[in-house]
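Any read-out appearing in this document is the output of simple, stated calculations on the displayed coordinates, not a laboratory observation. Note that the coordinates shown come from a computational prediction; the quantities given were computed from them, not determined experimentally. Glycine also receives a Cβ, built like all others from the backbone with ideal geometry; neighbour counts cover every protein chain displayed.
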Amino acid sequence: MVAYKVQVGTKGGVYSGVFDCAKQIYASRGLSGFYQGVGANALRFVPGRAVYLTSFEYSLNQIDSSEQPSLASCFIAGAIAGGCAWTSTYPFDVVRNRMMGDSCDPSKRRCKFVYCFLSLV
């Protein structure tokens, strides 16, 4: 497991606040610094939404096939869909969080996508 340095809110932190963090990232990496881990996020988000919407529709049709489903049916179908989506994409979420929390300096990064993903197994 990778130990990360406290970044905000304590003495010795890297940043004094959110705006200082944004300023330092922009100064060191430019606009691309704000998009660290966006590929890993897409690999989690896109299939996760597909699983969510598909399982929601299927669950709702199994629970309540009427034209106007009840609020309770929608709530239950949403809970089932959320569980399916998180279960199917949880490993990608762990990789995304590790990549987004890694160093902004590319030479100091510990977590490349393949390395992070393989460290889960």
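In what order do Leu53, Leu31, Leu60 fall by count of nearby beta-carbon atoms within 10 Å, going from fewest to most?
Leu31, Leu53, Leu60
Once the Cα atoms of the range 36-118 are picked out, what are the Rg and Dmax in Å?
17.2, 57
Tell me, what ³J(HN,Hα) does each residue in the range 87-92 have, in order and in whole Hz, if you take phi through Karplus 6.51 cos²θ - 1.76 cosθ + 1.60 with θ = phi - 60° and put x for Gly and Pro?
4, 6, 10, 4, x, 5
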